[in-house]
């Protein structure tokens, strides 16, 4: 019977066995879910999390309750402050990067500190720029920066307005 069916459908006998097995398993699962388990309403309990939510969301309505209820007042925790207490970074002392003026950095004389002031350029990339300058002797065009690993077209377009190359005098 499987041989005739496999010739008509174009499946191998093993493929037909797998299809029959899956059909039987899905049928048994459907029957179980529909008829046997239908007697049980829901295996899941419904929980009301309103009390727990009020601990996290201190609204104006809850603020009045807070003044009256000292027990509730003691149980509320400032979670934002708790998270910040674990972080040792002093955010008030973070030094934002000071962006240089346009055409203010000479590419052939700038050091690591000057180059790292450029947007998107850190100390490592500044070191790579200096290495390339040593290899070339000096930069003749700003486009040579594209040879530095880590500087693509978009980064180059962001930093080129801050750079210039002083023409070598023939004295």
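Points worth noting:
- Of all residues in region 118-147, those that are over 22 Å from residue 98 (Cβ atoms) and either touching a residue at least 40 places away in the same chain (Cβ under 8 Å) or within 28 Å of the chain's Cα centre (by Cα) (or both) total 1.
- Boolean, residue 69 is within 30 Å of residue 123 (Cα to Cα) and either modelled with pLDDT under 75 or touching a strand residue (DSSP E or B) at 6+ places or on another chain (Cβ under 7 Å) (or both): no
Yes/no matrix, rows are residues, columns are (1) in contact with a strand residue (DSSP E or B) (Cβ under 6 Å, 6 or more places away or on another chain); (2) closer than 18 Å to residue 151 by Cβ; (3) at pLDDT 65 or above; (4) in a loop (DSSP other than H, G, I, E, B):
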position	(1), (2), (3), (4)
82	no, no, yes, no
85	no, no, yes, no
95	no, no, no, yes
114	yes, yes, yes, no
117	no, yes, yes, yes
120	no, yes, yes, yes
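- Where helices (runs of 4 or more DSSP H) sit wholly within region 1-59, those with at least 1 residues that are at pLDDT below 80 occupy 2-9, 50-56.
The values are calculated or read from the model by the stated rules, or taken from the named source; none is laboratory data. Since this is a predicted model, take the numbers as computed values, not measurements. We place every Cβ from the backbone using ideal geometry, glycine too, and count neighbours over all the protein chains shown.
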